[in-house]
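What follows is a set of notes on a single structure, which appears directly below.
The values are calculated or read from the model by the stated rules, or taken from the named source; none is laboratory data. Since this is a predicted model, take the numbers as computed values, not measurements. For neighbour counting, all protein chains shown are included, and Cβ atoms are generated from backbone atoms with ideal geometry for every residue, glycine included.
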Amino acid sequence: MPTGKGQIGPELQRLIDLLAKLPGLGPRSAKRAALYLLKKREPVMRPLAYALAEAADKVAACSTCGNWDSIDPCAICADAERDGSVICVVQDVGDLWALERAGAHRGLYHVLGGLLSPLDGVGPDDLNIGRLVERARAESVKEVVLALPATVDGQSTAHYLSEHLAGCAVALTRLSQGVPVGGELDYLDEGTLAAAMKTRRPA
Amino acid sequence: MQFADEAVVLSARPHGEAHAVVELFTPAHGRWAGLVYGGQGRRMQPVLQPGNGVRAEWKGRLSDSLGHFSLELVNARAAALMQERLSLAGLSAACAVAAACLPEREAHARAYHAMSVLLDNLDDAQVWPALMARWELGLLAELGFGLTLDRCAATGTRENLIYVSPRSACAVSAEAGEPYKGKLLPLPAFLRGESAEASLADALDALKTTGYFIETRILHPAGRQLPEARARLLELLAKTNN
C-alpha cells in the first residue's frame, strides 16, 4: 500500500518536503534520506542539524572575493602565503573549489556569482563586477585570470570584463581551450577540436 | 508526431537538474521549443550553444506537446567565434533577435537561410555587420513589416533617398527630408541594394533603423523590448567605429 502524505506525521512530512528540494533528491529519495536520518539520529541527524544551523548563522559571502566562508575576509583572502598579485575570476564558488582541488592556482580569487545572460535577464549590475574592478586597480595586483566557462555566456562575460578592466594596469589572461587530459581526438566534439587547432602552440 | 530538420540553436534553459528546454530555428517548422534529455550534461552542453547548426529530430505525443529533441551537432559556430569579442556579440544578438521576434511554430525559411548566411560569415568583420542589418530588414519583411525603400514617401522620387520615415516606414529623399532630418532614420545606400560596399558606420546606421522598426512594429505590441544582447552589440560596434 503506498505511503501517502496523510499517513506521515507533519514534522516528518516537512522534513521530507525540504529534503526533496535539495539537488539530486526527489520525493522518493527524500523519504529514504529522512528514514536514514531517523535511524541514525545521534550519529548523523543531530550533528547534521547542528551543522546546518551553524552554517546558516555563520557562513556568508566574503566581502572581498565573494567566496563562502565563516570568516570575513575568507580563509583564502586572509592567507598571507598566497600570491596576492594574481586574481582568478570564476563564475561560482563551485569553480573556485574545482581550481583549489586541482591545486593549479596559488593566487587569490574573485567570485562573480553568475554570468551575463541577456536571455535570463542577468546584467552587469547583478554580478560582483564593481568590486573586481576596485581590486584590479590595487597596485599589488599584476594579473587577472578570467577562468570562465567556454560557453557563449561565459565568453561574452569574459569579453565584457576585459573591456572594463582595460583601464587597470594588469595583465589580462584567460584559460586556454583544447584537448582534455586523456581525451582522444576521435571522441572530442567539433568545437573543442576547432578551438584546440586555433590555439595550437609550438611543440 | 515527429519531424527531422536542420536547425540553428537559439537558446537553452535548464529544466530540472539534468535536462534543458531548447529553442531551435528550423527552415520548415520555424522557431520550435522542445526538451533535450541530458541537456545540462557534459555531452550536450557544447551542442546547445546559441548559433550552433544542428540536425534535429523532434518527437511529441501530440502536435502541441512540448515534445523532445534528439540533436546532432553539424556546425560548431559558437566555439569558432568565442575568442572574437565582436563576432560573439553578433552571434548572441542575432540569436536573441530571432528568439524575440519569430512566432513559434511558423515556417520562415527565407529568414532561416539568411540567418545561416549571417552566422556563417561572423568571422569576417568587414562583412557581417552589414549582413546583420540586411538580415533584420529581411526579417521585418518576412514578418509583414517590410520597409518601402525604393521611392520617396513625400515626392515619389527614386533619387537621393537617404532617410526612412519612422511613421510610414518609407524612404524619404534628402530634399524632402531636410526640414525633418532630426526625426528621420538613416538609410545607407547598401540597405537599398544600391551599393555593395558598406562601412561600419553605414552598418551601424542601418542597424539603428532596423532596430527601431523591430522594436516598434514587432516587439512593443507584444509588450517586449529589443533584446539586451542587441543593445550591447550596437554599443560595441559604436566603440569600434570610433
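Brief remarks follow.
- Any chance B:Ala189 is surrounded by fewer than 18 Cβ atoms within 10 Å (Cβ to Cβ), aliphatic (A, V, I, L, M) and farther than 22 Å from A:His159 by Cβ: yes
- Selected residue [over 25 Å from B:Gly144 (Cα atoms), without any contact (Cβ under 8 Å) to a residue 40 or more places away in the chain and crowded, with 20+ Cβ neighbours inside 10 Å] from B:Ala176, B:Ala238, B:Ala198: B:Ala176
- Just so you know, in region B:1-37 the residues that are within 14 Å of chain A (Cβ to nearest Cβ) and outside any strand (DSSP E or B) include one that is farthest from B:Gly67 (Cα to Cα), and it is B:Glu17.
- A:Pro23, sole failed condition from (1) of a type outside the set (Gly, Ala, Ser); (2) in a helix (DSSP H, G or I); (3) over 30 Å from A:Cys168 (Cβ atoms): (2)
- The residues of region B:105-126 that are among the acidic types (Asp, Glu) and at pLDDT 95 or above, listed by number, are B:Glu106, B:Asp120.
- Summed over region B:123-168, the residues that are touching a Pro at 6+ places or on another chain (Cβ under 9 Å) and surrounded by 21 or more Cβ atoms within 10 Å (Cβ to Cβ) give a count of 4.
- Among the criteria (1) within 16 Å of A:Val86 (Cβ to Cβ); (2) surrounded by 15 or more Cβ atoms within 10 Å (Cβ to Cβ), the one A:Ala138 does not fulfil is (2).
Matching residues to (1) in contact with a Phe, Trp or Tyr (Cβ under 9 Å, 6 or more places away or on another chain); (2) loosely packed, with under 13 Cβ neighbours inside 10 Å; (3) under 30 Å from A:Leu146 (Cα atoms):
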{"residue": "A:Ile8", "(1), (2), (3)": "no, no, no"}
{"residue": "A:Glu11", "(1), (2), (3)": "no, yes, no"}
{"residue": "A:Glu42", "(1), (2), (3)": "no, yes, no"}
{"residue": "A:Lys58", "(1), (2), (3)": "no, yes, yes"}
{"residue": "A:Cys65", "(1), (2), (3)": "yes, no, yes"}
{"residue": "A:Trp97", "(1), (2), (3)": "no, no, yes"}
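- Among the residues of region B:49-79, those identified as within 11 Å of another protein chain (Cβ to nearest Cβ) and buried (at least 23 other Cβ atoms within 10 Å of the Cβ) are B:Gln49, B:Pro50, B:Gly51, B:Asn52, B:Arg77, B:Ala78, B:Ala79.
- Here B:Ser92 passes the criteria (1) buried (at least 23 other Cβ atoms within 10 Å of the Cβ); (2) within 11 Å of another protein chain (Cβ to nearest Cβ); (3) not in a helix (DSSP H, G or I) except the one numbered (3).
- Test: residue in region A:79-89 that is within 30 Å of B:Ala100 (Cβ to Cβ) and either in contact (Cβ under 8 Å) with a residue 24 or more places away in the chain or loosely packed, with under 15 Cβ neighbours inside 10 Å (or both): yes
- All of (1) more than 8 Å from chain A (Cβ to nearest Cβ); (2) out of contact with any Asp or Glu (no Cβ under 9 Å at 6 or more places or on another chain); (3) surrounded by fewer than 24 Cβ atoms within 10 Å (Cβ to Cβ) hold for B:Gln83 with one exception: (1).
- In region A:10-25, the residues that are within 14 Å of chain B (Cβ to nearest Cβ) reach residues that are in a helix (DSSP H, G or I) and not acidic (Asp, Glu) with C-beta atoms within less than 6 angstrom, at least six apart or across chains, in these pairs: A:Ala20/A:Pro27; A:Ala20/A:Ala30; A:Leu25/A:Leu19.
- Residue match in region B:58-71 (condition: part of a loop (DSSP other than H, G, I, E, B) and under 15 Å from B:Asp120 (Cβ atoms)): no
- A single member of B:Leu73, B:Leu86 is more than 27 Å from B:Ala231 (Cβ to Cβ) and either basic (Lys, Arg) or touching a helix residue (DSSP H, G or I) at 6+ places or on another chain (Cβ under 8 Å) (or both), and it is B:Leu73.
- Filter result (more than 9 Å from chain B (Cβ to nearest Cβ) and either in a loop (DSSP other than H, G, I, E, B) or among the β-branched types (Val, Ile, Thr) (or both)) within region A:187-203: A:Leu188, A:Arg200, A:Arg201, A:Pro202, A:Ala203
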